[in-house]
Amino acid sequence: MAGNTLIKSNIFGLFIFIAVILLILSGLYADWLWFDSLGYLSVFKTVLFSKIALGAVVFLVFFILLLLNFIILKKRAGIVHQKIYLVAITVVSLLAGLISSTYWFVVLRYLNFVNFGFVDPVFKNDISFYIFVLPFYTFMLGILFFLLLTIIVMTTFAYLLKIKTKKVPKQDTKEGSLGFEQPFQQIKIEIPQKGKTHLSLLAGLILILLAGFFYLKRYSILFSPRGAVFGAGFTDITIILPLYTILAIITLVVALIAFAYIYNQNTKLLIGSIVLILVASFAGNIVAGVVQGLYVQPNEFNLEEPYINQNIKHTLFAYGLTDVVTRDFPVTYDLDIDDINRNKVTIENVRLWDWRPLLTTNRQIQLFRTYYEFLDVDVDRYKIDGRLRQLMLSPRELDQNQLDSKAKTWVNEKFVYTHGYGVVVSPVNIVTKEGLPELFVKDIPPKTEYEELEITQPRIYFGEQSNDYVVVNTKSREFDYPLGSENVFTTYEGADGIQLSNILKKAIFSIKLGSINLFVSSAITKDSKILLNRDIVERATALAPFLEYDSDPYIVINDGKLFWIIDAYTISNRFPYSENIIRINYIRNAVKVVVDAYNGNVDFYVIDKKDPLIQNYAKIFPELFKNFDEMPMGLKEHIRYPEDLMRIQTRIYGTYHMKNAQVFYNREDVWRTPNEIYRNNEVELKPYYIILKLPDAEKEGFFLITPLIPRGKENMIAWFVAHSDPEDYGKLEVFRLSKQELTYGPMQIEARIDQDTEISQLLTLWGQQGSEVIRGNLIIIPIEQSFLNIEPIYLKASASGALPQLKRVIVAYGDKVAMEKTLEDALNVIFGGKIDKLKKEIKIVEEATGQVPESLEDKFDKASELYEEAQEALSQGDFSTYAEKIEELGRILNQD
């Protein structure tokens with residue numbers, strides 16, 4: 001009976017083992033097919049075979065050495081439970097192989113390392129040593145330490161089972177409580193001499209590894225947070241570095257003592273030597289703490305100055321800020337209407353539409369069905385009719401979560417509702433008479449009057465909302481887009497997808513995706529294809545997981561097709577002396593990733609050829625990366641400097657623009673990004689894209705800029721600009737303002753708007769009517785040697801589904817502030833228009849009541865009176881009077 005149970009147990013275990021193997025193999029085969037479908041099978045093979053090779057090598061090394069140790073133990077200790085040891089050896093070797101296989105990229109980076117041409121000041125090593133080589137050495141030490149530790153544990157366990165004990169009678173006796181004599185005995189433990197020799201040899205080997213650990217630990221001082229700055233400081237150089245060197249030497253000596261134990265059997269000397277290592281390590285760290293606290297900190301700058309200089313140098317290099325061009329920007333505020341006209345391209349491309357209200361508006365007027373979604377609004381530039389125009393684009397993606405609950409069937413989600421459709425495009429500066437955006441591309445199918453924006457393939461199978469697999473070309477009709485009360489259907493003709501041409505593939509993907517429906521569905525034919533990894537960031541990550549991806553992919557119209565562009569970064573946290581931000585201290589925008597929204601093709605274009613990390617990756621995966629020159633010109637024209645990178649760089653540059661060590665140490669001139677008012681809240685002013693002509697430039701370009709202010713103050717001290725056009729892509733410039741003259745910063749401009757009685761009263765009136773006043777993003781525009789500050793004002797009714805309407809534009813210049821219906825009118829007011837448009841905006845009008853408000857104050861008083869009368873009528877239940885008063889109030893507030 002027991003035998004049958006054992007057989008059943010073995011059969012069940014074998015079944016589980018086979019099932020696990022099949023799951024792994026099916027997953028690998030599915031991934032093989034997916035990479036092959038994209039033309040990147042070589043990438044998959046490189047990763048797979050690297051993992052297998054590394055895991056196999058480590059497995060064999062572990063298995064052979066553990067087996068040799070087993071053979072030695074068998075002879076010396078006479079192991080009884082040999083099968084258990086052999087099973088343990090196999091399991092440990094497999095575990096070591098599996099763990100090691102995850103370090104495949106560490107090994108490949110080491111084998112393909114590329115020099116930075118930049119050395120650290122302490123050890124004089126090229127930076128590549130710390131990024132490519134040192135992690136490999138650390139990995140090797142860790143594996144060998146694990147191996148020796150395993151051998152020691154197994155060896156110790158084997159000898160413990162063979163320990164001889166001897167009871168030794170003691171001659172002395174002691175009279176017990178009952179008067180009986182109780183003989184005492186001693187237990188003497190005798191480890192066999194062969195066991196002592198074996199263990200001391202292993203102890204010596206592990207001590208050699210520990211010495212290697214201390215030696216490599218010396219390099220960790222370059223990443224020390226102990227001193228005035230990140231990196232090795234005075235205490236690290238004078239105390240910690242010698243300490244690790246001494247510990248490495250002591251540990252090597254102790255290893256020799258362990259080897260000598262084979263001959264002298266001096267246990268006390270061996271234990272005392274090991275204790276010495278612990279005492280030296282503890283004492284050294286105590287001394288370092290005392291030196292730092294009692295000697296360095298009271299005289300910190302004088303002692304840390306050379307290390308501060310190294311930190312500044314290395315941090316600027318690591319964040320790509322070494323070549324920032326710094327220019328003075330003396331603000332004159334002497335613009336006139338001719339200057340405005342000379343900068344017509346910039347003025348025509350001022351972004352009056354804040355992306356947040358625009359996104360709300362697009363969702364209200366261009367979704368058409370609940371299952372569509374606009375996730376974002378992207379800012380880009382296009383040549384329209386020969387003119388450079390800044391546009392805002394929103395891709396219309398399909399969100400299956402928004403399907404009606406009854407429509408959320410497996411067939412609908414996998415076969416029918418498969419893709420989004422088209423984009424909505426609007427210029428940044430045009431407003432209709434209703435206060436809504438003018439749409440250059442709109443509706444389904446997309447309609448446009450501009451040849452450059454025509455879309456012949458509007459379907460979006462791959463996007464930011466496409467987060468699950470779909471199957472195309474099935475017997476079920478695939479929904480394309482709504483047309484009135486009917487639906488139009490389509491058949492996918494794109495290049496992507498894995499053809500489910502046989503039952504094996506159906507079974508493989510059913511297992512991988514955990515869907516039995518995929519296997520049994522009769523709607524799937526031999527021509528059906530499965531589309532996987534449709535989320536564009538997940539798709540790129542699956543192909544190149546070693547890159548970091550930007551949080552804001554954006555869509556581009558090119559040759560009638562839709563493409564996504566994703567900025568990809570090479571990052572590291574192993575750059576000596578470079579300041580850490582979150583988990584990185586080195587970053588480059590090295591790659592532009594392009595994803596075809598219909599076909600799903602993914603291309604990785606290297607835009608920073610000088611980056612050693614991307615050179616290293618390109619050596620590992622030569623077929624993955626393409627030269628930037630190979631990118632189609634139509635896509636090149638739409639590359640942008642990424643906002644995420646600028647935020648990181650301005651955060652660093654705000655401190656590290658101070659290249660003088662004394663000024664840096666005292667933090668005398670720290671800059672930061674300012675805040676602005678959005679709605680009624682103070683929020684961070686994020687970098688923004690703009691078309692402008694830089695000082696001394698011949699033509700306008702597309703730039704990402706952000707103003708900077710001093711820490712603790714609100715005046716503007718500089719503005720940071722990044723070039724986005726291909727010919728100068730990535731060039732960084734900082735324009736410094738005078739510290740002796742006041743240049744208003746964003747929050748000071750916001751305060752001046754609040755302090756303008758006519759503007760603030762009108763905004764208050766709008767808000768009291770029950771509508772929400774939305775103050776849009778403040779745009780600071782450098783023109784000539786001055787700044788124009790422009791802020792749009794939106795009005796949104798409180799009713800559900802109401803649209804934000806762009807009602808006014810505020811322009812602040814110097815000491816002047818104007819709010820008008822259009823940007824042109826506001827500029828005319830500021831720079832000497834024919835009519836005081838602000839007064840005209842609240843001009844005298846005849847009201848139904850016969851009263852004539854002659855000023856904004858009169859209008860405010862009358863509106864307040866009507867509002868109070870309406871509230872009183874409401875409280876008394878007089879709804880008729882309430883409606884009349886509210887209607888009259890509305891007429892006053894909407895007067896031109």
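The values are calculated or read from the model by the stated rules, or taken from the named source; none is laboratory data. Just so we're clear, the structure is a prediction, and the values are computed from it rather than from any experiment. So basically every Cβ, Gly included, is an ideal-geometry build from the backbone, and we count neighbours across all protein chains shown. Ligands, DNA and RNA are excluded from the accessible area calculation, which covers all protein heavy atoms including side chains. Shrake-Rupley method; radii C 1.70, N 1.55, O 1.52, S 1.80 Å.
Summed over the range 275-287, residues that are under 17 Å from residue 214 (Cα atoms) and without any contact (Cβ under 8 Å) to a residue 24 or more places away in the chain total 5. List every residue pair whose Cβ atoms sit under 8 Å apart, with the two residues 6 or more apart in sequence or on different chains, where the first one lies in the range 1-27 and is among the polar types (S, T, N, Q) and the second, anywhere, is surrounded by 10 or more Cβ atoms within 10 Å (Cβ to Cβ) and modelled with pLDDT of 80 or more. From residues that are among the polar types (S, T, N, Q), the pairs are 26/507; 26/508; 26/511; 26/512. Count of the range 434-468 residues, restricted to those that are out of contact with any helix residue (DSSP H, G or I) (no Cβ under 9 Å at 6 or more places or on another chain), touching a residue at least 40 places away in the same chain (Cβ under 8 Å) and of a type outside the set (Val, Ile, Thr), is 11.
Inspect all residues belonging to the range 655-663 and state whether any of them is without any contact (Cβ under 8 Å) to a residue 12 or more places away in the chain, assigned to a helix (DSSP H, G or I) and open to solvent by 10 Å² or more (accessible area, probe 1.4 Å). Talk me through it step by step, then tell me what you get.
Pass one, the range 655-663, residues without any contact (Cβ under 8 Å) to a residue 12 or more places away in the chain: 660, 663.
Next cut, assigned to a helix (DSSP H, G or I) only: 663.
Now narrow it down to the ones that are open to solvent by 10 Å² or more (accessible area, probe 1.4 Å): 663.
Yes, that holds for at least one residue.
Within the range 58-76, the residues that satisfy the criterion of being surrounded by fewer than 20 Cβ atoms within 10 Å (Cβ to Cβ) and among the aliphatic types (A, V, I, L, M) are 60, 61, 64, 65, 67, 68, 71, 72. Among residues of the range 251-268 that are open to solvent by 40 Å² or more (accessible area, probe 1.4 Å), those with a Cβ under 6 angstrom from a residue that is part of a helix (DSSP H, G or I), sequence gap 6+ or separate chain, pair up as 252/211; 259/204; 262/197; 262/200. Evaluate the range 550-569: report whether one residue or more is within 22 Å of residue 136 (Cβ to Cβ) and either at pLDDT 95 or above or open to solvent by 10 Å² or more (accessible area, probe 1.4 Å) (or both). For the range 550-569, residues within 22 Å of residue 136 (Cβ to Cβ) and either at pLDDT 95 or above or open to solvent by 10 Å² or more (accessible area, probe 1.4 Å) (or both): absent. The residue that is farthest from residue 396 (Cα to Cα), counting only those in the range 430-442 that are of a type outside the set (Val, Ile, Thr) and open to solvent by less than 40 Å² (accessible area, probe 1.4 Å), is 435.
For the range 690-708, the criterion of being in a helix (DSSP H, G or I), surrounded by fewer than 21 Cβ atoms within 10 Å (Cβ to Cβ), of a type outside the set (Val, Ile, Thr) and touching a Gly at 6+ places or on another chain (Cβ under 9 Å) is met by no residue.
Screening the range 527-596 for strands (runs of 3 or more DSSP E) wholly inside it with 2 or more residues that are within 26 Å of residue 312 (Cα to Cα) and of a type in the set (Val, Ile, Thr) returns the ranges 561-572.
Against the list (1) more than 19 Å from residue 728 (Cβ to Cβ); (2) open to solvent by 40 Å² or more (accessible area, probe 1.4 Å), the condition residue 609 fails is (1). Checked against the criterion of being surrounded by fewer than 20 Cβ atoms within 10 Å (Cβ to Cβ) and at pLDDT below 95, the range 526-539 has at least one qualifying residue. Considering each residue of the range 457-479 in turn, none proves to be part of a helix (DSSP H, G or I) and either of a type outside the set (Val, Ile, Thr) or crowded, with 19+ Cβ neighbours inside 10 Å (or both).
Among residues of the range 126-145 that are part of a helix (DSSP H, G or I), those with a Cβ under 6 angstrom from a residue that is buried (at least 18 other Cβ atoms within 10 Å of the Cβ) and basic (Lys, Arg), sequence gap 6+ or separate chain, pair up as 130/574; 131/574; 132/109.
Scan the range 230-240 and tell me whether some residue there is closer than 27 Å to residue 298 by Cβ, open to solvent by 20 Å² or more (accessible area, probe 1.4 Å) and free of Cβ contacts under 8 Å to residues at least 60 places away in the same chain. Scanning the range 230-240, I find at least one residue that is closer than 27 Å to residue 298 by Cβ, open to solvent by 20 Å² or more (accessible area, probe 1.4 Å) and free of Cβ contacts under 8 Å to residues at least 60 places away in the same chain, so the answer is yes. Residue 382 meets the conditions (1) in contact with an Asp or Glu (Cβ under 8 Å, 6 or more places away or on another chain); (2) open to solvent by less than 50 Å² (accessible area, probe 1.4 Å); (3) part of a loop (DSSP other than H, G, I, E, B) in every case but one. The failed one is (3).
Any idea which residue in the range 403-413 is most open to solvent (accessible area, probe 1.4 Å), counting only those that are assigned to a helix (DSSP H, G or I) and charged (D, E, K, R)? Working first, answer last.
The initial filter retains those residues of the range 403-413 that are assigned to a helix (DSSP H, G or I), namely 405-407, 410-413.
Now restrict to residues that are charged (D, E, K, R): 406, 413.
Values: 406: 180, 413: 47 Å².
Here the residue is 406.
Hey, among 91, 20, 87, which residue is at pLDDT below 85 and loosely packed, with under 14 Cβ neighbours inside 10 Å?
20
Quick one: is residue 739 under 25 Å from residue 608 (Cα atoms), open to solvent by 20 Å² or more (accessible area, probe 1.4 Å) and either at pLDDT 95 or above or more than 31 Å from the chain's Cα centre (by Cα) (or both)?
Numbers: under 25 Å from residue 608 (Cα atoms): no; open to solvent by 20 Å² or more (accessible area, probe 1.4 Å): yes; either at pLDDT 95 or above or more than 31 Å from the chain's Cα centre (by Cα) (or both): yes.
So residue 739 fails the test.
Each residue in the range 727-776 was checked for being of a type in the set (A, V, I, L, M, F, W, C), in a strand (DSSP E or B) and more than 30 Å from residue 590 (Cβ to Cβ), and 2 pass.
For beta carbons closer than 8 Å, sequence separation of 6+ or different chains, a first residue in the range 753-770 that is among the charged types (D, E, K, R) and a second that is assigned to a helix (DSSP H, G or I), the qualifying pairs are 754/760; 758/838; 758/856.
Here is a yes/no grid of residues against (1) touching a Gly at 6+ places or on another chain (Cβ under 8 Å); (2) over 30 Å from residue 579 (Cα atoms); (3) of a type in the set (S, T, N, Q); (4) not in a loop (DSSP other than H, G, I, E, B):
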{"residue": "323", "(1), (2), (3), (4)": "no, no, no, no"}
{"residue": "327", "(1), (2), (3), (4)": "no, no, no, yes"}
{"residue": "330", "(1), (2), (3), (4)": "no, yes, no, no"}
{"residue": "345", "(1), (2), (3), (4)": "no, yes, no, yes"}
{"residue": "357", "(1), (2), (3), (4)": "yes, yes, no, yes"}
{"residue": "401", "(1), (2), (3), (4)": "no, yes, yes, yes"}
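The single condition from (1) on the phi < 0 side of the Ramachandran plot; (2) surrounded by fewer than 21 Cβ atoms within 10 Å (Cβ to Cβ); (3) at pLDDT below 95 that residue 416 fails is (3). All of 331, 345, 324 fail the test of being touching a Leu at 6+ places or on another chain (Cβ under 7 Å), modelled with pLDDT of 95 or more and open to solvent by less than 60 Å² (accessible area, probe 1.4 Å), apart from 324.
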